[in-house]
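Novice: What follows is a structure written as structure tokens; I'll ask about it next.
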Amino acid sequence: MSHTQAEEAVMSLIPLFHTYTKPDDTIDKPGLLTMLQERFPHFLSACNQRGTDYLSHVFEDKDKNGDQKIQFSEFLSLLGDIATDYHNQSHGAAPCSGGTRQQPARGLQGRQ
């Protein structure tokens, strides 16, 4: 029996994580930054264009237990944030905006 597309998508996250892990099955800060630069260049570019230096704080934000390592659950939280940003874009939000939708141009508000 083959896996569903959704199962395959979730399972593909495991080798992505393992590409950047150390022997203790965690990602250190340089590994996380490399992963983001290699695998999410368009996302980072959009953040930079908005004046948001995403890389400057992402490791500290995601290292919830403060052990200076990103574990698989923390990695999934990071990917969830990125996926949420792409989802928000599908509803009109600007890239890397935290979900804030772009406002219509002046003069167009109120027109139907």
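The values are calculated or read from the model by the stated rules, or taken from the named source; none is laboratory data. Since the model is a prediction, treat every value here as computed from it, not as a measurement. Because the Cβ atoms are built from the backbone with ideal geometry, glycine has one as well, and the counts that use them run over all protein chains shown. Keep in mind that these areas ignore ligands, DNA and RNA; they rest on the heavy atoms of the full protein, side chains included. Shrake-Rupley method; radii C 1.70, N 1.55, O 1.52, S 1.80 Å.
Novice: Excluding residue 63 itself, calculate the net charge of residues whose Cβ lies under 12 Å from the Cβ of residue 63, where each Lys or Arg counts +1 and each Asp or Glu counts -1. Each step should come with its number before you reach the end.
Specialist: Working: positive: 29, 62, 64, 69; negative: 28, 60, 61, 67, 74.
Combined, the nearby Lys, Arg, Asp and Glu give -1.
Novice: What accessible surface, in Å², does a 1.4 Å probe find on residue 53, ignoring ligands, DNA and RNA and rounding to the nearest 10?
Specialist: 90
Novice: Given a Förster radius of 41 Å and the C-beta distance between residue 2 and residue 25 as r, what FRET efficiency does 1/(1 + (r/R0)^6) yield to the nearest 0.05?
Specialist: Values: r = 28 Å, r/R0 = 0.67.
Efficiency, from the Cβ-Cβ distance: 0.90.
Novice: Report, to the nearest whole %, how much of the accessible area of the chain belongs to carbon and sulfur atoms, 1.4 Å probe, protein only. List each step's numbers first, then the result.
Specialist: Numbers: 3940 of 7500 Å².
Summing carbon and sulfur atoms, their accessible area is 53 percent of the total for the chain.
Novice: With every protein chain in place, what's the accessible area of residue 84 (1.4 Å probe, Å², nearest 10)?
Specialist: Accessible area of residue 84: about 70 Å².
Novice: Given H placed 1.01 Å from N in the peptide plane, which residues other than close sequence neighbours of residue 93 have an amide H under 5 Å from its amide H?
Specialist: 102
Novice: Next up: Set the Förster distance to 22 Å, then compute FRET efficiency between residue 61 and residue 12 from the Cβ-Cβ distance, nearest 0.05.
Specialist: Working: r = 24 Å, r/R0 = 1.09.
Given R0 = 22 Å and the Cβ-Cβ separation, E is 0.40.
Novice: Helix 29-39 sits at what angle to the longest principal axis of the chain, using alpha carbons and giving 0 to 90 degrees rounded to 10?
Specialist: Once rounded, one gets 60 degrees.
Novice: Output the relative contact order of the chain, whole-number percent, from Cα pairs under 8 angstrom with separation of 6+ residues. Working shown, then result.
Specialist: Working: 81 pairs, mean separation 22.4, N = 112.
Value for the chain: 20 percent.
Novice: Using only the Cα atoms of the range 1-78, what do you get for the radius of gyration and for Dmax, in Å?
Specialist: So, for the range 1-78, Rg and Dmax equal 13.8, 47 Å respectively.
Novice: Then there is this: In the neighborhood of residue 37, defined by Cβ-to-Cβ distances under 15 Å, what is the net charge if each Lys or Arg adds +1 and each Asp or Glu adds -1?
Specialist: On the way: positive: 29, 39; negative: 28, 38, 53.
Local net charge: -1.
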